[in-house]
Amino acid sequence: MLSEVLLVSAPGKVILHGEHAVVHGKVALAMALNLRTFLRLQPHSNGKVCLNLPNIGVKRAWDVAGLQLQDTSFLEQGDATVPTAEQVEKLKEVAGITQDGAKPEGLAVLAFLYLYLSICRKQRALPSLDITVWSQLPTGAGLGSSAAYSACMAAALLTMCEEIPNPQKDGVSASRWAVEDLELINKWAFQGERMIHGNPSGVDNAVSTWGGALRFQQGKISSLERPLALKILLTNTKVPRSTKTLVASVRSRLLKFPEIMTPLLTSINAISLECERMLGEMAVAPAPEHYLVLEELIDMNQHHLNALGVGHASLDQLCRVTMAHGLHSKLTGAGGGGCGITLLRPDLEQPEVEATKQALNDCGFDCWETSIGAPGISVHSADFLDPSVRQALDGL
Ligand code: MEV
């Protein structure tokens, strides 16, 4: 078992097209954001397992000996199976979760314990450690914060248990794992996501793991050619929502109105494919007309997402405000509030972008221009870590 401190980070994501449809086997196009989640794992010999999540006010500690005594043999299968309701209940008992386990705090603790007990169970004795996770990503906003959390947790625990090697090189600020190790990280990150979201498609953890720009369909991932000039305004409406509830609501609408909903999902799939084709053309020879097509695709998808029932008044407002500035927006992620994206054409003058941002801020929204296609899960050298991140991990 490794004894050194590990510092890892994973990016959040935006979905360009295909959210919700991807849960039903359709294509999604997703990109890694330059907003990241950071995790520090400090091995100990004090007989305790400590979890600190300063963003959501979680500070928990368990005695390793107590955890060792619990019967968690049901995790033996720890493979690609969905944890059953009984297993989740048992884990809640082990975690000592008495409050509503569906709250983000409870879910984050559950996902941690699940990954810790499953990944470390091959060790002779469960390890004593201290984990702190701090994120630049807002939680519950559709930017993949839980997937970034699960990916960091999986990567750090697998590395500490020497299931995968530590790829960190001396004098290098950030290093990445080999493809086969990333596959294992992604598998466990997906399991963590399942603890948090129930039945996710796996697109979020794939972006957190692999980074860049991805096409995702039924667990099949490939990298996407994308024009470097693609710029996006990311807006957080700050309306809280639950991915799990929204995914379930689409499922029940699909069961209730299959004849109406199936063509919508097929059409969203076609939008993703057309967008992929456009991005491919733009990578070779970008032209202003391409952006007009991308804008049309955004508008059509936003209407479809409203028809799926995952829109929200705040997102309608976002679309109206940006449209008043000649810009096109759609929700990104689960919808029901959360975040939206606005395409920024290269011909846009900066004052126009600033005026749009101001108008969105005036609505009470947070918004920022993002760079997309950030690297996936990485391990960092402490010497190169941004002081603000180090400070946040140290508890300020
Ligand atoms: C959430 O970021 C994207 C959804 O499609 C859910 C999923 O893919 O698991 C809404």
- Extension gain from Ser267 to Thr84, taking 0.36 nm per residue of separation minus the Cα-Cα distance: 62.5 nm
- Task: Would you compute, from DSSP H runs of 4+ residues alone, the mean residue ellipticity of the chain at 222 nm, taking -39500 (n - 2.57) per run and dividing by the full residue count, rounded to the nearest 500?
- Result: -14000 deg cm²/dmol
- In Å, what is the Rg of the alpha-carbon atoms in the chain, and how long is Dmax? 21.0, 64
- Global form of region 254-388, assessed from the alpha-carbon gyration tensor, a/c cut-off 1.5: rounded
- Note on the structure: Given Cβ charges of +1 for Lys and Arg and -1 for Asp and Glu, the option among Val58, Leu69, Val94 whose Cα lies farthest towards the positive end of the dipole of region 1-95 is Val58
- Note on the structure: Rounded to 0.05, the calculated FRET efficiency for the beta carbons of Asp63 and Gln123 at R₀ = 22 Å is 0.85
- Query: With each label point set 7 Å from Cα along the Cα-Cβ vector, what nm distance links Arg320 and Asp71?
  - Reply: 5.9 nm
- Query: Structure shown: which of Lys48/Lys169; Lys187/Lys220; Lys13/Lys92; Lys187/Lys256; Lys13/Lys90 lie over 22 Å apart, alpha-carbon to alpha-carbon?
  - Reply: Lys48/Lys169; Lys13/Lys92; Lys187/Lys256; Lys13/Lys90
- Assuming R0 = 51 Å, what is the FRET efficiency of His303 and Lys92, from their Cβ-Cβ distance, to the nearest 0.05? 0.80
- Query: Helix 85-95 versus the longest principal axis of the chain: what is the Cα-based angle in degrees, 0 to 90, to the nearest 10?
  - Reply: 60 degrees
- Message: Under a crude label model (7 Å from the Cα following the beta-carbon direction), how far is Glu354 from Leu2 in nanometres?
- Response: 4.5 nm
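How would you classify region 147-231 from its alpha-carbon gyration tensor, with a ≥ b ≥ c the square roots of the eigenvalues: rounded for a/c under 1.5, else prolate if a/b is greater than b/c, otherwise oblate?
On the way: a/c = 2.05, a/b = 1.12, b/c = 1.83.
Note, shape of region 147-231 comes out oblate.
Taken together, the values in this text are just the output of simple stated rules run on the coordinates, not laboratory data. Everything numeric here is computed off the predicted structure, so don't read it as measured data. Because the Cβ atoms are built from the backbone with ideal geometry, glycine has one as well, and the counts that use them run over all protein chains shown.
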